[in-house]
Amino acid sequence: MEIIHISAECYPVAKAGGLGDVVGALPKYQCKAGDIAKVIMPMYRTQFLYENDWQVDFKGSANLGNWYFEFTIIKEATNKLGFDLFLVDINGLLDRQKIYGYEDDAERFTAFQIAVVSWISSWEHSPDIVHCHDHHTALIPFMMQHCYAFQHLAAIPTVLTIHNAQYQGWMGWDKSLYIPRWDLWKRGLLDWAGNINPLAAGIKCAGKVTTVSTSYKDELRVKANGLENLFEFEKGKCEGILNGIDTQIWNPATDPYIQFGFTYRSVATGKAKNKKVLCDQFGLDINLPLFVFIGRMVGEKAADLLPDAIKTAIYYGNKNACFLVLGSGELLVEQAFQQMIGDYPGVFNASIGYNEALSHQMYAGADFLLMPSRVEPCGLNQLYAMRYGTIPVVRRTGGLKDTVVDMGDIDGFGIQFNEASISDINYSIGRGISVFQDKVHLAWMRKFMMQIDHSWEQTVDKYKTVYKSLQ
Ligand code: ADP
């Protein structure tokens, strides 16, 4: 099967979160399984672009409303990632360093999608599947089926994977001219609540919709940032497929970012050595259980609760645990953490920003990972933590519910709680501290979770079944 993945992110080219990890890994494992998977994404000005060799694959032009633009598609020359990687260059729109967060994101990603569909429509053959990821690429099924210029692509099966339904790419109807000419009576396919809603259009038009965990698929029918009714209506074509993790990159025995490699057999000593490095670097007390948070500091992750939750834990626990956070996001949360640095020597520190190497070092050196998420479509952090013998302390939601078993249950290796609240977080930190003191139980939990198989090999088969159902 020839599968074309279209995405705004792909690790290691450009990553802001889990989407990048998934699109960097799934195609590689699909190729290993014998399919031909390719990725096409925008050509941001990232380090990966400058450090690799490229060849021009296609040059074309198109219109975004009244604006005529030319685009170039280049291909990575050496199959470095284990699949063919294509980048779309559109001067003035995609030639930026960051992935998101610009005022003209609607223009950037609509033009990107037009360029991708124009590219596919120039081929002499048709791919077997066009696989779109999140709202940045979710107009593509509509374009392939309903734009006059692309109607010869209408029979190609499309799949939309939703990594995060909070972001939907809304734009006003004044921007409808951006979409290449289409029958106006099909307006209802693009519309949701009076706006053009690319994610909603993708859900309506794609042959199948997948979410990155089964619990998230079910939760979307009651909580989907306004799309609940649509998820209820389209539930027949929705399927939950839990993300895998790239076990070549996330392997504590060979991870080049960490100083001391370890396996489940040597986790006690390996983790202790990595913890020492981390504690020395951030001035933390190595004898205390170390709780870390890694991620976007946004409401979805309940990062806003953590400054007060951590202060409470330090105050009431009389400094019996230490905390380290890594992330960036909402200014108020960043500032709250920044203000705490220095106030709690030995038990708290923070690194504000994005730091891939440090994230690996924290998974390796920490004892516990905090994830109080209000919404968690799949969550990769807890899977990485488990692979590195770090006990996940998670709210019972979405993919966290599907992957972590509470230590009070049979074969439980993690800690779960119900509410995204300071009291539930603190109660769970308390449970963590008590298990940290029970060295036999702690050793068993670490060894058990490190051996759980979350590799992509099994997940790839589930996507294949979805693709086949559309043939
Ligand atoms: P989301 O995609 O919602 O942000 P996921 O749990 O699916 O959350 O994936 C998060 C990914 O991003 C993980 O690989 C995590 O390690 C990484 N990550 C998030 N924030 C940072 C950061 N500040 N520095 C390094 N890695 C980060």
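Structure summary
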quantity: Residue in region 412-419 that is without any contact (Cβ under 8 Å) to a residue 60 or more places away in the chain and among the polar types (S, T, N, Q) present; calculated: yes
quantity: Subset of region 10-34 that is in contact with a strand residue (DSSP E or B) (Cβ under 7 Å, 6 or more places away or on another chain) and closer than 18 Å to ALA165 by Cα - its residue that is farthest from the ligand (Cβ to nearest atom); calculated: VAL23
quantity: Filter result for ALA268 (touching a residue at least 40 places away in the same chain (Cβ under 8 Å) and either in contact with a Ser or Thr (Cβ under 8 Å, 6 or more places away or on another chain) or outside the structural domain of VAL23 (by TED's automatic domain parsing) (or both)); calculated: yes
quantity: Any hit, region 347-360, residues being closer than 17 Å to ILE425 by Cβ and aliphatic (A, V, I, L, M); calculated: yes
quantity: Residue among PHE417, PHE413, PHE436 that alone is modelled with pLDDT of 95 or more and touching a Pro at 6+ places or on another chain (Cβ under 6 Å); calculated: PHE436
quantity: Scope region 317-328; condition at pLDDT 95 or above and either surrounded by fewer than 15 Cβ atoms within 10 Å (Cβ to Cβ) or near the ligand (Cβ under 10 Å from one of its atoms) (or both); matching residues; calculated: VAL325, LEU326, GLY327, SER328
quantity: Boolean, ALA77 is among the hydrophobic types (A, V, I, L, M, F, W, C) and closer than 25 Å to LYS186 by Cβ; calculated: no
quantity: Search result, residues across region 278-301 that are touching a strand residue (DSSP E or B) at 6+ places or on another chain (Cβ under 7 Å) and within 12 Å of the ligand (Cβ to nearest atom); calculated: VAL292, PHE293, ILE294, GLY295, ARG296, MET297, VAL298, LYS301
quantity: Unique residue being more than 12 Å from the ligand (Cβ to nearest atom), of a type in the set (Ser, Thr, Tyr) and either more than 22 Å from LEU278 (Cβ to Cβ) or touching a helix residue (DSSP H, G or I) at 6+ places or on another chain (Cβ under 7 Å) (or both) when the list is SER428, SER423; calculated: SER423
quantity: Any hit, region 51-58, residues being away from the ligand (no atom under 16 Å from the Cβ), within 19 Å of the chain's Cα centre (by Cα) and more than 27 Å from GLN166 (Cβ to Cβ); calculated: no
quantity: Selected residue [under 27 Å from ASN243 (Cβ atoms), basic (Lys, Arg) and in contact (Cβ under 8 Å) with a residue 60 or more places away in the chain] from LYS208, LYS217; calculated: LYS208
quantity: Of all residues in region 332-352 being surrounded by fewer than 17 Cβ atoms within 10 Å (Cβ to Cβ) and polar (S, T, N, Q), the one that is farthest from the chain's Cα centre (by Cα); calculated: GLN339
quantity: So ASP57, is it part of a loop (DSSP other than H, G, I, E, B), modelled with pLDDT of 95 or more and in contact with a strand residue (DSSP E or B) (Cβ under 9 Å, 6 or more places away or on another chain); calculated: no
quantity: Hits in region 353-397 (condition: over 20 Å from PHE262 (Cβ atoms) and more than 10 Å from the ligand (Cβ to nearest atom)); calculated: LEU370, PRO372, ARG374, VAL393, VAL394, ARG395, ARG396, THR397
quantity: Near pairs, Cβ below 6 angstrom, 6+ apart or cross-chain, from region 356-370 (of a type outside the set (D, E, K, R)) to any residue that is within 13 Å of the ligand (Cβ to nearest atom) and assigned to a helix (DSSP H, G or I); calculated: TYR363/TYR384; TYR363/ALA385; LEU369/ALA385
quantity: Residue tally, condition at pLDDT below 95 and assigned to a helix (DSSP H, G or I), over region 1-20; calculated: 1
quantity: Test result for ASN243, surrounded by 20 or more Cβ atoms within 10 Å (Cβ to Cβ), part of a loop (DSSP other than H, G, I, E, B) and under 23 Å from the mean Cα position of the chain (by Cα); calculated: yes
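The values are calculated or read from the model by the stated rules, or taken from the named source; none is laboratory data. These numbers were taken from a predicted model, which means no experiment stands behind them. Every residue, glycine as well, gets a Cβ built from its backbone with ideal geometry; the counts of neighbours run over all protein chains shown.
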